[in-house]
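Heads up: the structure comes next, in structure tokens.
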Amino acid sequence: MRTTIVAPSILAADFSNTGAAVATVAAAGAPWIHFDVMDGRFVPNLTFGAKMIADLRPASKGFFDVHLMTVEPESLVDSFIDAGADAITFHLEACVHAHRLVERIHAAGRKAGVSIVPSTPVWAIRELLPSVDMVLVMTVNPGFGGQKLIQRATRKIAELHELREGGLGAYDIAVDGGINTETAAEVVALGADVLVMGSAFFQSADPAALVRWVSTLPRRGSSQTA
Ligand code: DX5
Ligand code: ZN
């Protein structure tokens, strides 16, 4: 049975002490860490590169989930593979040869994900669904943490769940942006498997309790196991 995974986004952590942030994630029992890579072109913000992943890799046994918000992700993927990423998600809107990029990530033995911004419909990734390990539904316009969830974007979660139930792939459905104690239950009930949480996790008084609470949220029924 699939369980709901919390992936804290390091973007909301104190960058002067990312080692401590990784330890906080582990202590809270969150199995994944979400790395928001922004290039100042695909999105109007700049964060960090592969060195951040490489430097934190020895400090964590967690699953390193890299979210590339960059133009030309093809030119960056190898550096994140070498740095120790477990999964690399790129944006459909930034990549012409998306299928080829998925194959390249798989050839390196890593998980491949595709992300769509709020204005991109699910049908745009239909041809990729049989081959990706994850679909990252942006529930905010990417580029910043702490934004309010865009309600309409949550419809895609149910759509992806139905397509998966219909046999079009075995991908995880991940949601990213504005996920907190007010919005988590709804997205899990719609079919989300992975909850990226930035501000809600790192501003929480008790991150471990938050992670435990997410695991109790009723999940949408599924005939598929993970
Ligand atoms: C936004 C990023 C998100 C963001 C989430 O472009 O992709 O991962 O850090 O932060 P919150 O949970 O605060 O919306
Ligand atoms: Zn992200």
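Give the residues of the stretch 185-216 that are within 18 Å of Trp32 (Cα to Cα), in contact (Cβ under 8 Å) with a residue 24 or more places away in the chain and away from ligand 2 (no atom under 16 Å from the Cβ), sorted by residue number. Within the stretch 185-216, Val188, Gln203, Pro207, Ala208, Leu210, Val211, Arg212, Trp213, Val214, Ser215 qualify. Checking each residue in the stretch 186-223 for being assigned to a helix (DSSP H, G or I), of a type outside the set (Ser, Thr, Tyr) and under 11 Å from Thr4 (Cα atoms) picks out Val187, Val188, Ala189, Val211, Arg212, Trp213, Val214. Out of all the residues in the stretch 171-184, is one or more away from ligand 1 (no atom under 16 Å from the Cβ) and open to solvent by 40 Å² or more (accessible area, probe 1.4 Å)? Looking through the stretch 171-184, none of the residues is away from ligand 1 (no atom under 16 Å from the Cβ) and open to solvent by 40 Å² or more (accessible area, probe 1.4 Å).
What tally of residues in the stretch 5-60 results from selecting those that are within 13 Å of ligand 2 (Cβ to nearest atom), of a type in the set (Val, Ile, Thr) and open to solvent by 40 Å² or more (accessible area, probe 1.4 Å)? Counting residues in the stretch 5-60 that are within 13 Å of ligand 2 (Cβ to nearest atom), of a type in the set (Val, Ile, Thr) and open to solvent by 40 Å² or more (accessible area, probe 1.4 Å) gives 0.
Considering the stretch 1-19, and only residues there that are closer than 20 Å to Gly191 by Cα and in a loop (DSSP other than H, G, I, E, B), the residue that is nearest to ligand 1 (Cβ to nearest atom) turns out to be Thr4. Look at (1) free of Cβ contacts under 8 Å to residues at least 60 places away in the same chain; (2) more than 21 Å from Ala192 (Cα to Cα) and you find that Gly143 fails only one, number (1). Filtering the stretch 112-158 to residues that are under 25 Å from Asp14 (Cβ atoms) and open to solvent by 10 Å² or more (accessible area, probe 1.4 Å) leaves Asn141, Pro142, Phe144, Gly145, Gly146, Gln147, Lys148, Leu149.
Rundown of residues vs (1) under 30 Å from Arg100 (Cβ atoms); (2) of a type outside the set (Asp, Glu), yes/no style:
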| position | (1), (2) |
| --- | --- |
| Ala112 | yes, yes |
| Thr120 | yes, yes |
| Gln147 | no, yes |
| Ala153 | yes, yes |
| Glu165 | yes, no |
| Tyr171 | yes, yes |
| Gly177 | yes, yes |
| Val187 | no, yes |
| Ala208 | no, yes |
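Based on what the data block shows, is Thr154 among the hydroxyl-bearing types (Ser, Thr, Tyr), at pLDDT 95 or above and part of a loop (DSSP other than H, G, I, E, B)? Against the criterion (among the hydroxyl-bearing types (Ser, Thr, Tyr), at pLDDT 95 or above and part of a loop (DSSP other than H, G, I, E, B)), Thr154 does not qualify. Per the conditions (1) more than 29 Å from Glu165 (Cβ to Cβ); (2) surrounded by fewer than 19 Cβ atoms within 10 Å (Cβ to Cβ); (3) away from ligand 2 (no atom under 16 Å from the Cβ), the sole criterion not satisfied by Ala83 is (2). Among the residues of the stretch 195-208, the ones that are of a type in the set (A, V, I, L, M, F, W, C) and more than 11 Å from ligand 1 (Cβ to nearest atom) come to 2 in all.
Just one residue in the set Val132, Val117, Val122 is away from ligand 1 (no atom under 16 Å from the Cβ) and under 18 Å from Val66 (Cβ atoms); that residue is Val132. Per the listing Leu76, Leu68, the residue uniquely open to solvent by 40 Å² or more (accessible area, probe 1.4 Å) and either hydrophobic (A, V, I, L, M, F, W, C) or within 21 Å of Glu127 (Cα to Cα) (or both) is Leu76.
The values are calculated or read from the model by the stated rules, or taken from the named source; none is laboratory data. As the structure is a prediction and not an experimental result, all values here were calculated from the model. Positions of Cβ are backbone-derived with ideal geometry, glycine not excepted, and every protein chain shown enters the neighbour counts. These area figures cover heavy atoms from the full protein model, side chains too; ligands, DNA and RNA do not enter into them. Shrake-Rupley method; radii C 1.70, N 1.55, O 1.52, S 1.80 Å.
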